[in-house]
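Report on the following structure.
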Amino acid sequence: MTTRQHVLPQQKGQMFVTDGGVETHLIFNEGQDLPEMSAFLLNESEDGRERMRNYYRAYIPIAQEAGQGFLFDTNTWRASADWGAKVGFDAQRLREANIKAVQFCREMQAEFAAAGVTSIVSGVVGPRRDAWQYDDAMTVEEAVSYHTAQIEAFEAAEADYVSAYTLTNVPEAVGIGLAAREAGLPVVLSFTLETDGNLPGGKPLGVAIAETDAALDGYPAYYMINCVHPIHFAGTVRQGGDWVNRIGGVRVNASMMSHAELDNSPELDKGDRRDLANRYARVMPLLPNLRVIGGCCGTDHSHIDAISRACLPGHDHGHAHHRGHAHEGEVA
């Protein structure tokens, strides 16, 4: 096992820009056929890899102008056993696919470094079942059993850490945390939120973080919020509590629609990127340890550019300039 630095640069205060919603961008904006939203399939061909290279290249000037690092999240959200089987990948091919995804990001790191942008690589895990509906059947034991193979592949590929996105329940978060700890990798756990600011199923975010931290003895490097518009969680974080200090990253949706509405929408809702950036900027002061800013469904490099300009210290005009564009009477 390669010895890694177990304290991530984010935990030391370094800020990172990351990308938007890679799956929705590739499918809706670029017309890619990605069965089951399996973006990792692009890594299997040179044409696909070049599409991914061009996808990431759009973020180089954004990170340069912000004066911040870039976080590469592997395109492996669906590269686990059940989802992989749906696109014809058995256990061995999935292991190779996850390793290949980390290696691809390492190659891109060199290109970013040549442009003066530092970066890190996280191996991405997604939920076993639905990412937007509460999974009441999941147990810690099932989560450990299911997610270990993918996490072990990331360890073999020497990813810097593991990120688990769109989690709907505590048992799966705990199981992923246990598997990451066993593999010797730092882990970041990110919960999906509904329009009421709670997890699908109704559990408050603060309770979910507290329960997960207790079960894992505080092992996660930090937690994230993803796949939700700022308007839906601003009130939650404004109410505060110690758990707010454990939020280290946010990946927002472009749309204000609920997950059910988005699921039934035939077109991509790209939202209002300036309004999104303004709302993001107003949420940031409520999250004192926020170190990763990025997007989720419906966002692309143009959204991240707007958010970066509104939020990050590398841009001199900072928050005040963009706050002036907020709609009167709105709080988030």
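The values are calculated or read from the model by the stated rules, or taken from the named source; none is laboratory data. This one's a predicted model, so the numbers in the text were calculated from it and none came from an experiment. Glycine gets a Cβ as well: all are built from the backbone with ideal geometry, and neighbour counts include every protein chain shown.
Could you check segment 208-222 and list, in sequence order, the residues that are under 19 Å from Pro171 (Cβ atoms) and crowded, with 22+ Cβ neighbours inside 10 Å?
Of the residues in segment 208-222, the ones under 19 Å from Pro171 (Cβ atoms) are 208-220.
Within segment 208-222, Ala208, Ile209, Thr212, Pro220 qualify.
Within the set of pairs 6+ apart or on separate chains, which have a first residue in segment 81-103 that is without any contact (Cβ under 8 Å) to a residue 24 or more places away in the chain, a second that is aromatic (Phe, Trp, Tyr) and assigned to a helix (DSSP H, G or I), and C-beta atoms under 6 Å apart?
Listed by first residue and then by second, the contacts come to nothing, as the list is empty.
Here is a check on your reading of the model: is Glu107 among the charged types (D, E, K, R), modelled with pLDDT of 95 or more, part of a helix (DSSP H, G or I) and over 28 Å from Ala254 (Cα atoms)?
Criteria met by Glu107.
Of the residues Ala114, Ala137, Ala91, which is over 21 Å from the mean Cα position of the chain (by Cα), closer than 22 Å to Thr166 by Cβ and loosely packed, with under 14 Cβ neighbours inside 10 Å?
On the way: Ala114 fails: closer than 22 Å to Thr166 by Cβ; Ala91 fails: closer than 22 Å to Thr166 by Cβ.
So the residue among Ala114, Ala137, Ala91 that is over 21 Å from the mean Cα position of the chain (by Cα), closer than 22 Å to Thr166 by Cβ and loosely packed, with under 14 Cβ neighbours inside 10 Å is Ala137.
Tally time: how many residues in segment 184-207 are closer than 26 Å to Val7 by Cα and either buried (at least 21 other Cβ atoms within 10 Å of the Cβ) or not hydrophobic (A, V, I, L, M, F, W, C) (or both)?
Total meeting the criteria: 11.
Starting from residues that are of a type outside the set (Lys, Arg), assigned to a helix (DSSP H, G or I) and surrounded by fewer than 20 Cβ atoms within 10 Å (Cβ to Cβ), keep the ones in segment 290-332 and report whichever is modelled with the highest pLDDT.
My answer is Ser302.
Taking the condition more than 30 Å from Asp305 (Cβ to Cβ) and of a type in the set (A, V, I, L, M), does Val102 pass?
Against the criterion (more than 30 Å from Asp305 (Cβ to Cβ) and of a type in the set (A, V, I, L, M)), Val102 does not qualify.
Any residue in segment 233-249 that is touching a residue at least 60 places away in the same chain (Cβ under 8 Å), closer than 18 Å to Gly20 by Cα and buried (at least 19 other Cβ atoms within 10 Å of the Cβ)?
Among the residues of segment 233-249, at least one is touching a residue at least 60 places away in the same chain (Cβ under 8 Å), closer than 18 Å to Gly20 by Cα and buried (at least 19 other Cβ atoms within 10 Å of the Cβ), which makes the answer yes.
Identify, please: which residue in segment 36-73 is hydroxyl-bearing (Ser, Thr, Tyr) and within 15 Å of His25 (Cα to Cα) and is, among those, surrounded by the most Cβ atoms within 10 Å (Cβ to Cβ)?
Among those that are hydroxyl-bearing (Ser, Thr, Tyr) and within 15 Å of His25 (Cα to Cα), it is Tyr59.
Considering each residue of segment 14-66, count those that are on the phi > 0 side of the Ramachandran plot and among the aromatic types (Phe, Trp, Tyr), and give that number.
The total comes to 0.
Test Ala97 against the criterion of being within 18 Å of Asp300 (Cα to Cα), part of a helix (DSSP H, G or I) and of a type in the set (Gly, Ala, Ser), and give yes or no.
No.
List the pairs whose first member sits in segment 144-161 and is over 13 Å from Thr76 (Cα atoms) and of a type outside the set (Ser, Thr, Tyr), whose second member is modelled with pLDDT under 95 and surrounded by fewer than 17 Cβ atoms within 10 Å (Cβ to Cβ), and whose Cβ atoms are under 6 Å apart, counting only residues at least 6 apart or on separate chains?
Close Cβ pairs (under 6 Å, with a partner that is modelled with pLDDT under 95 and surrounded by fewer than 17 Cβ atoms within 10 Å (Cβ to Cβ)) amount to Glu158/Thr2.
Taking Trp77 and the conditions (1) touching a Gly at 6+ places or on another chain (Cβ under 8 Å); (2) in a helix (DSSP H, G or I), which numbered condition does it fall short on, given that it satisfies the others?
Against the list (1) touching a Gly at 6+ places or on another chain (Cβ under 8 Å); (2) in a helix (DSSP H, G or I), Trp77 comes up short only on (2).
With the condition being more than 23 Å from Gln11 (Cα to Cα), I'd like the strands (runs of 3 or more DSSP E) fully within segment 120-229 carrying at least 1 qualifying residues. Working first, answer last.
Numbers: elements: 161-167, 187-192, 222-228.
Here the list reads 222-228.
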